[in-house]
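Scroll down for the structure; my scribbles are underneath it.
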Amino acid sequence: MRFFLATVAACALFFGATCAAWAGPPYLTDDPVPVAYRNYEIYIGYQGEYGNGETETALPFAEINYGPLHNVQIAGSFSLTKSDTDDFGIKYRFIPESSSRPQVAFYPSIGNSQTLFLPLWAQKTIGRVTLFGGGGWNRDASAGGQNYWSGGLAGTYEFSDQVNAGLEIYSTGSNRIGERGSTSIGIGMNDDYSRIHSVLFSLGTSIAGARTFHAYLAYELRLGPKAATSP
């Protein structure tokens, strides 16, 4: 963790140019940035997690985010092959970013009336580097489930107006009684190959706790009045 923080901080101090912020998908760590007012973000792709003797995959999955109000996002994520991975949430950014403070958002979500996640996410951009992270409390009311905490920290670097890459560390407790949680490290990349189209991917593996591996690959389509601007 100390090495990760030191690396990201060094990058932030070294690169000083102003740039757009990139965060959120494809990482496990989320960000506080809502979709712009009256705009859509649509993701279609694959995500999977392997470990603890179980395999959880969504192929294909779809995620739709919409900005009904300024600083507010409604989101729905669901698998087109499995119904038990559906998730719906509302993101509210109540602190905007300034030169001296990060932006912060509350992003509660619910899944199939049995799970609830109550996280806070924060983000700060320094030159070409964007730092984001946070976490919160998870409630699991399913049979054999238990409540737990999860959260992470990530940093991305913008190599160009089209491409950025990042590194994250994410820790989560177990949602099943008698099983261990895990801490994982991962890498990701976003290729914004046009003003409204992007391809995103990430890979990660556990470094402590239960042995797990996760992967994400998605196509993103941006629609709406501000879809032609930078993310």
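The values are calculated or read from the model by the stated rules, or taken from the named source; none is laboratory data. Just so we're clear, the structure is a prediction, and the values are computed from it rather than from any experiment. Cβ: placed from backbone, ideal geometry, glycine included. Neighbour counts: every protein chain shown.
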Worksheet item: Residues in segment 101-115 that are under 20 Å from F78 (Cα atoms) and either of a type in the set (G, A, S) or surrounded by fewer than 17 Cβ atoms within 10 Å (Cβ to Cβ) (or both): how many?
Response: 7
Fill in: Residue among S142, S160, S98, S150 that alone is in a strand (DSSP E or B) and either on the phi < 0 side of the Ramachandran plot or in contact with a Lys or Arg (Cβ under 6 Å, 6 or more places away or on another chain) (or both)
S150
Worksheet item: Exactly one of (1) more than 23 Å from F117 (Cα to Cα); (2) modelled with pLDDT under 90; (3) of a type in the set (S, T, Y) is unmet by S198. Its number?
Response: (2)
Discussion item. Kindly evaluate E168 against the criterion of being of a type in the set (D, E) and either within 23 Å of S109 (Cα to Cα) or surrounded by fewer than 21 Cβ atoms within 10 Å (Cβ to Cβ) (or both).
Written reply: yes
Item to complete: Answer yes if at least one residue in segment 68-80 is in contact with a His (Cβ under 8 Å, 6 or more places away or on another chain) and either within 22 Å of P96 (Cβ to Cβ) or modelled with pLDDT of 95 or more (or both), and no otherwise.
Response: no
Worksheet item: Can you tell which of Y148, Y193, Y170 is more than 16 Å from the chain's Cα centre (by Cα), of a type in the set (F, W, Y) and more than 25 Å from N39 (Cβ to Cβ)?
Response: Y148
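Pick from N175, N138: which is closer than 23 Å to L120 by Cα, modelled with pLDDT under 95 and not aromatic (F, W, Y)?
Values: N138 fails: modelled with pLDDT under 95.
N175 is the lone residue from the list that is closer than 23 Å to L120 by Cα, modelled with pLDDT under 95 and not aromatic (F, W, Y).
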Worksheet entry | Residues being outside any strand (DSSP E or B), of a type outside the set (F, W, Y) and modelled with pLDDT of 90 or more - total across segment 101-123 | 3
Discussion item. Anything in segment 186-200 that is in contact with a strand residue (DSSP E or B) (Cβ under 9 Å, 6 or more places away or on another chain) and either surrounded by fewer than 17 Cβ atoms within 10 Å (Cβ to Cβ) or over 21 Å from A165 (Cα atoms) (or both)? List them, or say none.
Written reply: I187, M189, D191, Y193, R195, I196, H197, V199
Worksheet item: For segment 82-100, which residues satisfy the criterion of being at pLDDT 90 or above, surrounded by fewer than 16 Cβ atoms within 10 Å (Cβ to Cβ) and within 25 Å of T55 (Cβ to Cβ)?
Response: F88
